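Notes for the one structure printed next.
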Amino acid sequence: MIYRILFLFGFVLSCSAQNPIFDNLKEAPVNGGFQMEGYWVWGSSVIKGDDGVYHMYASRWPKMLPFHPGWMVASEIVHAVSSTPQGPYTFKDVALGNRGAQYWDGKSCHNPKVVKHKDTYILYYMGSTHPFEEVTTENVKEFDLSSKWCIASRWGKRVGIATSKSPYGPWKRLEAPILDVKPNTYYSFLTSNPSPLIKADGSVILLFKGRSYKEDGIQQSDMSIGVATAPSFDGTYTVMGDEPLFSMARFGEVEDPHLWSDNDGFHMIAKDQRGLITGGQGDGLLAHSKDGLHWVLDEDPKAYTKTVKWDNGKTIKQGQLERPFVFVENGKPTHIFFATMDGPGGFGNGTKTWNMVLPLK
């Protein structure tokens, strides 16, 4: 009997030791995902519609602008479709585009996350605006992080939502963001990169990125990840607690959180900005929670690295691998999507970006 107990104990340990993402990554299809000629493409979110079609929402902006910080002033959220989750996805329409400088999200819509509650599709995203002329081929040499366009656009970044009864739109936007800044907090400078989860009762848990003003009142801080809640997607969002979930002072600097849930609770995948958690700068990390408010790192926290095996036999270290999105179908994660870039690394060294996908075993 004791041998049977020891055997079962060992079996449980061996099963629990498996990393749910890293140990289950399959080869990436070369022809999967989504790309567009003439555009930088970034950050995807996918949902299966009632029509049986897979709908992707992604950011794009013209390659006439530098990749970074071009997204700050010209990103729009586009809609693409596929008959399979891995794609390839075909451009369908612009979901959220430029609607004028007078709106809080009038010049840039970025980092979409799509969810559905009952009969309503909800797009969470980052929006921003600026009061200046457009950046064109004539003045693009003046455009960089220290330019007037970027100073205003970065300062104006906020989280908002748009809603529709159909994945094809039209999308109804709000005239104000759902998550504003607050003085003397870790999100006093901006809010961005939303990741929502709508619970069975309709209430919302929302992870987001925040930055604060530094002591000189000019520069922004390192990134922090916080959590907000709302009684419904169209209700009032309240940031929970005074301290972030992740920061340089707690665990390490993290970006691009994505949230999903199963019978075991809530799960987060995110980019380890400096490698303080996973040991690899830019690698992915895993954390879990019972309530979505209090988080701990997984025992084996590394979710992925920038080295990707492709289904053409090649293994390539991607220049960038960001914005992880775990697609869940029938209660189980089946694919993980990434925004990726070619080249040796660094936003200024790539010539091509696209949204790629890795099937999970």
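The values are calculated or read from the model by the stated rules, or taken from the named source; none is laboratory data. In this text, all values refer to a predicted model and were calculated from it rather than measured experimentally. A quick note on method: Cβ atoms are made from the backbone with ideal geometry, for glycine too, and the neighbour counts reach across all protein chains shown. Heads up: the accessible areas ignore ligands, DNA and RNA and are worked out on the full protein's heavy atoms, side chains in. Shrake-Rupley method; radii C 1.70, N 1.55, O 1.52, S 1.80 Å.
A few comments on the model shown:
- Each 20 Å bin from 0 upward holds the following percent of the Cα-Cα pairs of the chain: 30, 60, 9, 1, 0.
- Ligands, DNA and RNA are left out, and with a 1.4 angstrom probe the accessible area of the range 32-167 is 38 Å² per residue.
- Between 0 and 90 degrees, the angle of helix 2-16 with respect to the longest Cα principal axis of the chain falls at about 10 degrees.
- Accessible surface of the chain, 1.4 Å probe, proportion on carbon and sulfur as whole %: 53
- When each of the peptides 90-98, 153-161 is scored by how many other beta carbons lie within 10 Å of its residues on average, the order from highest to lowest is 153-161, 90-98.
- Taking the inverse of the mean reciprocal distance over all distinct Cα pairs, the Kirkwood hydrodynamic radius of the range 157-229 comes to 13.6 Å.
- Placed amide H near Glu329: partners under 5 Å, 5+ positions off or other chain: Thr334
- The range 21-63 shape via C-alpha gyration tensor axes, a/c threshold 1.5: oblate
- Protein heavy-atom accessible surface, 1.4 Å probe, per residue over the range 264-346: 43 Å².
- Reported value for the range 252-330: 110 Å³ per residue, from the convex hull of its C-alpha atoms.
- Global form of the range 215-361, assessed from the alpha-carbon gyration tensor, a/c cut-off 1.5: oblate
- Of all lysines in the structure, those lying under 18 Å Cα to Cα from Lys361, and not within fewer than 8 positions of it along the same chain, are Lys26, Lys302, Lys309, Lys332.
- Highest mean packing first, where packing is the average number of other Cβ atoms within 10 Å per residue, the peptides 187-200, 302-315 line up as 187-200, 302-315.
- Close amide H contacts of His117 (hydrogens built in the peptide plane, cut-off under 5 Å, sequence separation of 5 or more or a different chain): Ile122.
- Using the average count of surrounding beta-carbon atoms within 10 Å as a protection proxy, the listed peptides 317-329, 169-181, 134-146 rank, highest first, as 317-329, 169-181, 134-146.
- With Cα atoms defining each centre, the range 171-213 and the range 80-156 are spaced 16 Å apart in the structure.
- Global form of the range 101-260, assessed from the alpha-carbon gyration tensor, a/c cut-off 1.5: oblate
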